[in-house]
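The structure under discussion appears below in the form of structure tokens.
The values are calculated or read from the model by the stated rules, or taken from the named source; none is laboratory data. Owing to the predicted nature of the structure, the values given are computational and were not obtained by experimental measurement. Don't worry about glycine lacking a Cβ; one is built from the backbone with ideal geometry, like all the others, and counts go over all protein chains shown. Side chains are part of the model used for accessible areas, which takes the heavy atoms of the whole protein and leaves out ligands, DNA and RNA. Shrake-Rupley method; radii C 1.70, N 1.55, O 1.52, S 1.80 Å.
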Amino acid sequence: MFSKNRKTSFYILAAFFCLFVFFLYGPMFAIITLSFQGPNGGLTFPMNGFSTHWFSKLFQEQRVGDFKGSFSRSLTLAFIVMVATVVISLSAGMAFRKKFKFSNSLFYLTISSLIIPSILLTLGIGLLFDRLGLEGHWYTSGLGAHLTWTLPFGLLIMFAVFNRFDKSYEEAARDLGATNWQVLRFVLLPIIGPSLVGVGLFGFTLSFDEFARSLLSVGSKNTLPLEIFGMTTTVTTPTLYALGTLTTFVSFSIIAICFGVIVILEKRKKKFGDDSGKGLI
Amino acid sequence: MNIQLQILPLLSVLVLFLVAPVVIILAVSFWDYTEFSLIPDFVLTNYIEIFESGVTYSTYLNTFKFAFLGWLFTVIIGFTLAYFLAFHVRTLRWQIILFLICTIPFWTSNIIRMIAWIPVLGRNGLMNSLLLELGVIGEPLEWLLYSDFAVILAFVHLYTLFMLVPIFNSMMRIDKSIIEAAQDMGANSLQILINVIIPLCLPGIAIGTIFVISLIMGDFITVQAMSGGQSASVGLAMNNKRALLQYPAAAADAIILLCVVLGMVAILMRTINIRKEL
């Protein structure tokens with residue numbers, strides 16, 4: 001396994017890996033293909049022609065529930081959750097670099113937020129708002145429910161980032177007279193920027209796709225995953241797949257954008273982060 | 001900047017949307033109810049009914065079965081994939097690329113990923129067509145979709161990543177010189193795997209286990225969608241009571257489930273220090 005030449009074990013494991021990737025993506029490609037069914041096609045293969053009929057069905061109001069409304073709600077919510085997750089995780093992550101009272105308790109509380117059964121959480125938030133006489137909305141109770149899911153991921157990433165962070169950069173900046181704000185703006189953020197984009201990616205996609213924690217917490221207006229799940233029982237045409245293709249496309253676009261930004265930030269880091277060999281400027 | 005201010009946003013979200021909901025569920029679990037309303041009270045009937053009902057035990061048994069099988073497959077597959085990535089893929093660049101290929105579906109919708117099995121496993125789906133074509137079976141298999149098999153398959157499909165990531169992380173932290181030392185002492189690949197790599201990966205396996213077990217124990221949507229309502233899980237039973245507006249009964253279910261999950265996680269937590277593993 002550690003010799004120069006590839007051994008049989010490499011090829012067996014590589015084959016296993018490919019098989020897993022096929023298992024992972026195969027079904028997704030099946031529905032993407034089927035969403036382009038001809039107008040007379042059904043929910044399974046074979047393809048009966050090729051059309052974008054089912055996509056246009058999606059945009060016809062009332063045919064398949066409130067698609068447009070739930071889509072824009074989910075996008076907006078995901079964006080808010082993304083920003084909130086980045087800011088809150090960064091802030092808490094910075095605090096956790098120092099020792100403070102109850103830091104372990106806060107850490108384990110955050111972990112419990114991750115492992116607590118979603119159905120319990122969504123029921124609890126629903127009941128809480130109900131009992132307080134407040135009306136739940138996707139941008140209040142729904143937002144909170146999503147943050148309980150995204151923040152633990154954000155914080156765990158921040159831990160991983162700061163465990164590998166070399167404090168001497170900050171110390172050097174301070175020695176040169178930088179204020180706290182300048183250290184954050186000109187030293188910390190440029191270095192951990194790519195990781196923050198990663199946190200944002202988690203925040204956006206986890207919120208955009210969250211079903212279980214949304215169920216009883218978003219109030220009367222559905223977010224997209226709830227709408228899609230409702231459709232699984234009522235819609236028996238490839239419209240369902242068209243919707244799946246469209247949301248998957250949105251997710252993939254977000255992932256691609258985040259990766260792009262990460263690559264750009266890393267390049268900037270390389271370009272501006274090191275002036276060795278340039279002599280005194 | 002002072003620390004209190006830095007942790008305030010996180011703390012307020014957790015208090016408002018995690019602690020408060022659990023507290024209210026705990027309170028409501030002792031309430032009485034009629035068909036139409038909740039009656040604030042302190043009764044144990046909700047719990048007594050749950051413990052006296054045979055359905056509870058069979059539901060838990062079924063949920064444990066899902067959790068165990070889901071865990072078993074995800075740990076075997078996750079470990080194998082991580083092992084390949086960490087020790088057989090040679091450049092960091094390819095490790096990252098292959099790792100991301102495994103990760104990307106995690107950022108897409110679980111619901112869609114479940115729906116995606118319909119054209120594959122359904123009665124007229126790809127799998128049945130293929131097997132019929134090959135003459136392996138005479139008529140379509142009915143148990144591929146809407147069955148316990150489909151539920152486990154979906155769990156493996158959705159949650160293997162939660163196992164892969166922490167195990168891969170553990171493997172990448174193994175000092176290569178330890179492995180070289182084992183080789184110098186004459187250990188073969190299998191011996192290195194069993195005596196060096198697996199023991200050093202136990203924290204990663206434990207973290208993955210925490211994720212997978214707690215996700216499956218609390219699941220209701222995968223079981224409902226993939227079993228077509230033919231199988232039961234604790235979360236699903238709870239959601240059904242909730243749908244019948246029996247909130248106190250659902251709340252009592254939730255509290256028991258929470259205790260079970262936290263108990264399982266607490267046992268696993270004793271074996272590791274998560275903050276050190278990150």
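Which of the residues belonging to region B:52-75 are polar (S, T, N, Q) and in a helix (DSSP H, G or I)?
Correct list: B:T56, B:S58, B:T59, B:N62, B:T63, B:T74.
Evaluate the following for A:S51: is it touching a Lys or Arg at 6+ places or on another chain (Cβ under 8 Å), open to solvent by less than 70 Å² (accessible area, probe 1.4 Å) and among the hydroxyl-bearing types (S, T, Y)?
no
Out of the residues in region B:6-21 that are of a type outside the set (S, T, N, Q), touching a Ser or Thr at 6+ places or on another chain (Cβ under 9 Å) and at the interface with chain A (Cβ under 7 Å from one of its Cβ atoms), state the one that is surrounded by the most Cβ atoms within 10 Å (Cβ to Cβ).
Looking at the filtered set, the residue picked out is B:P21.
Has region A:169-182 got any residue that is closer than 22 Å to B:I7 by Cα, open to solvent by 30 Å² or more (accessible area, probe 1.4 Å) and more than 10 Å from chain B (Cβ to nearest Cβ)?
The answer is yes, given that some residue of region A:169-182 is closer than 22 Å to B:I7 by Cα, open to solvent by 30 Å² or more (accessible area, probe 1.4 Å) and more than 10 Å from chain B (Cβ to nearest Cβ).
Of all the helices (runs of 4 or more DSSP H) wholly in region B:103-179, which have at least 1 residues that are of a type in the set (G, A, S) and open to solvent by 20 Å² or more (accessible area, probe 1.4 Å)?
Passing ranges, in order: B:126-134.
For region B:259-278, what are the residues that are under 17 Å from B:F220 (Cα atoms) and open to solvent by less than 20 Å² (accessible area, probe 1.4 Å)?
The one that is under 17 Å from B:F220 (Cα atoms) and open to solvent by less than 20 Å² (accessible area, probe 1.4 Å): B:V261.
Condition check ((1) touching a Pro at 6+ places or on another chain (Cβ under 9 Å); (2) among the aliphatic types (A, V, I, L, M); (3) at negative phi) across all residues:
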{"residue": "B:F211", "(1), (2), (3)": "yes, no, yes"}
{"residue": "B:I221", "(1), (2), (3)": "no, yes, yes"}
{"residue": "B:L258", "(1), (2), (3)": "yes, yes, yes"}
{"residue": "B:I272", "(1), (2), (3)": "yes, yes, yes"}
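Residues being in contact (Cβ under 8 Å) with a residue 12 or more places away in the chain and assigned to a helix (DSSP H, G or I): count how many of those fall in region B:204-251.
Here the count works out to 33.
Would you confirm whether or not region A:62-75 contains a residue that is open to solvent by less than 60 Å² (accessible area, probe 1.4 Å), assigned to a helix (DSSP H, G or I), within 11 Å of another protein chain (Cβ to nearest Cβ) and not aromatic (F, W, Y)?
Taking every residue of region A:62-75 in turn, at least one turns out to be open to solvent by less than 60 Å² (accessible area, probe 1.4 Å), assigned to a helix (DSSP H, G or I), within 11 Å of another protein chain (Cβ to nearest Cβ) and not aromatic (F, W, Y).
Which pairs turn up if I take residues in region A:185-202 that are more than 13 Å from chain B (Cβ to nearest Cβ) and look for partners that are of a type in the set (F, W, Y) and open to solvent by 40 Å² or more (accessible area, probe 1.4 Å) with beta carbon separation below 7 Å, at least 6 apart in sequence or on another chain?
Final answer for the pair search is A:V187/A:Y169; A:I191/A:Y169.
Given the conditions (1) in a loop (DSSP other than H, G, I, E, B); (2) buried (at least 16 other Cβ atoms within 10 Å of the Cβ), report the number of the one that B:C201 does not fulfil.
B:C201 satisfies all of (1) in a loop (DSSP other than H, G, I, E, B); (2) buried (at least 16 other Cβ atoms within 10 Å of the Cβ) except (1).
Restricting attention to region A:11-28, does a residue exist that is surrounded by 15 or more Cβ atoms within 10 Å (Cβ to Cβ), hydroxyl-bearing (S, T, Y) and at pLDDT below 85?
No, because not a single residue in region A:11-28 is surrounded by 15 or more Cβ atoms within 10 Å (Cβ to Cβ), hydroxyl-bearing (S, T, Y) and at pLDDT below 85.
Take B:E49 and decide whether it is more than 14 Å from chain A (Cβ to nearest Cβ), in a loop (DSSP other than H, G, I, E, B), open to solvent by 80 Å² or more (accessible area, probe 1.4 Å) and not polar (S, T, N, Q).
no
For region A:221-235: of the residues being assigned to a loop (DSSP other than H, G, I, E, B) and under 12 Å from A:R73 (Cα atoms), which is farthest from the other protein chains (Cβ to nearest Cβ)?
Selected residue: A:K221.
How about region A:110-166: which of its residues are under 20 Å from B:I221 (Cβ atoms), open to solvent by 10 Å² or more (accessible area, probe 1.4 Å) and more than 9 Å from chain B (Cβ to nearest Cβ)?
A:G136, A:W138, A:W149, A:F153
Is region A:97-105 home to any residue that is within 14 Å of chain B (Cβ to nearest Cβ), under 25 Å from A:S214 (Cα atoms) and either open to solvent by less than 60 Å² (accessible area, probe 1.4 Å) or part of a helix (DSSP H, G or I) (or both)?
No, because not a single residue in region A:97-105 is within 14 Å of chain B (Cβ to nearest Cβ), under 25 Å from A:S214 (Cα atoms) and either open to solvent by less than 60 Å² (accessible area, probe 1.4 Å) or part of a helix (DSSP H, G or I) (or both).
I need a count of the residues in region B:76-100 that are of a type outside the set (D, E, K, R), open to solvent by 20 Å² or more (accessible area, probe 1.4 Å) and assigned to a helix (DSSP H, G or I).
Adding up the residues that qualify gives 12.
Here is a list of conditions, (1) hydrophobic (A, V, I, L, M, F, W, C); (2) in contact with a strand residue (DSSP E or B) (Cβ under 9 Å, 6 or more places away or on another chain); (3) touching a residue at least 40 places away in the same chain (Cβ under 8 Å); (4) open to solvent by 50 Å² or more (accessible area, probe 1.4 Å), and B:I39 meets all of them except one; can you say which number that is?
Result: B:I39 fails condition (3) only.
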